[in-house]
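Report on the following structure.
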Amino acid sequence: MAAVKEGRVLVVDDEPMVRETLGQVLSDEGYVVDLAVDGESALERVHAARPDAILLDLMMPGMNGRQFLQALREVPAFAEVPVLIMTAVHGLNVNLVTLGASEVVEKPFNVDELLNKIALAVYRSRDANKSITQPVPFVSTPPATALEQDRGVVLIVEHDRGRLQQLDLMLSTRGYTVVSMTRALVQISRLARALRPRAILLDLKSDGANDVVRDLRTAKELDDIPLLVFERDGDSGGTDAETLAGATDIDLVNFVEKQRSI
């Protein structure tokens, strides 16, 4: 698909190399490109000039990707701007509807695939953009305000895809934003720092689970995030986190719900 030459794309990433590389690639395709290092500066760019599409890193310091999305969707003029989430966590399953995004793009990028997705997003956005001719006044939104719109994020690692989908559905229908994966990756601690989940549910049978528990529990800034290590069948084994053997979906949902009153 050929690029839409009049399109404006906003790239939001705290890594300079990623930001500059994407900016150059998109500029070479004929797009007008704006760059931002975090969610707060990205909001300023959006209010100054409405983009046709946004490439957004999910894990950033300060106002992270999720907080930016919530603040963005609060403004009716920006409610339909397509947002493509960028993440280095492979196999990440994000509930795009509740998060307010259009697609997930994994790093490192397949450039052709990325350009096709951006071209499609820009094409679909052009009609909505035609009616917006004046900049929308920018009002700084602190991260805490952006988080008040839902019940928060639940981070789940479950090796069984079928059970993961069921648990995802149960929590999503209760108003939670679910971020899930089937393997316990080292990036989970970074995800937890960025998303500040209400709870983390970790399947002990997932590859790398013990290493992740150790990593999470040695990070002082994550001490206040409830962590439940569970096993569907049999003994939960020895960890330094709260454990639950023979866990059912209802058990796990109840654990998350309990955190709301703490």
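The residues on offer are 157, 186, 139, 212, and the sole one that is more than 13 Å from the chain's Cα centre (by Cα) and modelled with pLDDT of 85 or more is 157.
Quick one: in the stretch 161-173, of everything that is out of contact with any helix residue (DSSP H, G or I) (no Cβ under 9 Å at 6 or more places or on another chain) and in contact (Cβ under 8 Å) with a residue 12 or more places away in the chain, which residue is farthest from residue 194 (Cα to Cα)? Break it down into steps so the answer makes sense when it comes.
Keep residues of the stretch 161-173 that are out of contact with any helix residue (DSSP H, G or I) (no Cβ under 9 Å at 6 or more places or on another chain), which gives 161-162, 164-165, 168-169, 173.
Going one step further and asking which of them are in contact (Cβ under 8 Å) with a residue 12 or more places away in the chain, we end up with 161, 164, 168.
On the way: 161: 24, 164: 22, 168: 20 Å.
Per the criteria, the residue is 161.
Inside the stretch 49-79, can you point out the residues that are closer than 10 Å to residue 10 by Cβ and either among the small types (Gly, Ala, Ser) or not assigned by TED's automatic domain parsing to the domain that holds residue 125 (or both)? I'd like the intermediate steps shown before the answer.
Within the stretch 49-79, the first condition is being closer than 10 Å to residue 10 by Cβ, and the residues that meet it are 49-56.
49, 53 - these are the residues of the stretch 49-79 that are closer than 10 Å to residue 10 by Cβ and either among the small types (Gly, Ala, Ser) or not assigned by TED's automatic domain parsing to the domain that holds residue 125 (or both).
The values are calculated or read from the model by the stated rules, or taken from the named source; none is laboratory data. Keep in mind it's a predicted model, so treat the numbers as computed, not measured. With ideal geometry, Cβ positions are generated from the backbone for all residues, glycine too; neighbour counts draw on all protein chains shown.
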